[in-house]
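A quick write-up on the structure given underneath.
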Amino acid sequence: MAANIRFINPEGLVRSPAYSQVVEVAGGGRTIYISGQLGTRRDGKLAGADFRAQAEQVFENLKAALASAGAGFADVVKVGSYLKDIGDLPILREVRARHLDPAAPPASTTIAVSGFAREGAVLEVEAIAVVPSRVARPRALAAPRAARARKVKRARRTGR
């Protein structure tokens with residue numbers, strides 16, 4: 001069963017084209033938490049000293065992290081963005097808009113921070129995604145494994 005996801009902008013709250021005020025997730029989905037991603041390439045070096053280069057790399061890193069769990073940007077329901085200089089927010093919005101679904105923008109928090117664990121980093125972005133549950137393993141495949149587990153337990157009890 002797929003998760004039922006609603007992106008809501010309630011009356012009385014400002015409506016933004018960049019994020020939803022509320023995201024409701026119900027049903028049989030898997031929740032995927034992506035750690036904050038810096039603008040580092042695979043070799044561990046920063047993609048550049050400027051904000052735009054790091055922002056582009058951050059979203060490439062998020063894409064790879066999401067894909068590793070069978071998800072994509074369309075599955076993202078919450079984004080947290082941390083910027084060293086809030087003046088770079090227009091660039092973040094521009095880069096982010098190329099990746100996230102404008103028809104169903106995720107809930108979002110953006111804050112300015114004094115620094116990051118990595119010297120030279122200028123932003124970090126984390127994400128939460130929801131995807132349909134994986135199909136359960138057929139009982140026919142699970143049965144031999146369970147039988148082996150019982151046999152091992154029995155052997156441990158009897159010392160054989």
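What follows is calculated from the coordinates using simple rules that are stated; it is not laboratory data. Since the structure is predicted, the reported quantities are computational estimates derived from the model, not experimental observations. Glycine gets a Cβ as well: all are built from the backbone with ideal geometry, and neighbour counts include every protein chain shown.
Step through the residues of segment 56-72 one at a time and calculate ³J(HN,Hα) from phi using the Karplus curve (6.51 cos²θ - 1.76 cosθ + 1.60, θ = phi - 60°), rounding each to whole Hz and writing x for Gly and Pro.
4, 5, 3, 6, 5, 5, 4, 4, 5, 5, 4, 4, 5, 10, x, 10, x
Counting alpha carbon pairs within less than 8 Å and at least 6 residues apart, what relative contact order, in whole percent, applies to segment 4-135?
36 percent
Pull out the extension gain between ILE8 and VAL113, defined as 0.36 nm times the separation in residues minus the alpha carbon to alpha carbon distance; nm, one decimal.
35.0 nm
Starting with the fewest neighbours, write out TYR19, TYR33 ranked by other beta-carbon atoms found within 10 Å of each beta-carbon.
TYR33, TYR19
Can you put ASP101, ASP75, ASP88 in order, fewest other beta carbons within 10 Å first?
ASP101, ASP88, ASP75
If you rank GLU11, GLU124 by fewest surrounding Cβ atoms within 10 Å, what's the result?
The fewest-first ordering by Cβ neighbours comes to GLU11, GLU124.
Using the basic label-point model (7 angstrom from Cα toward the beta carbon), what is the GLN21 to ALA69 distance in nanometres?
2.7 nm
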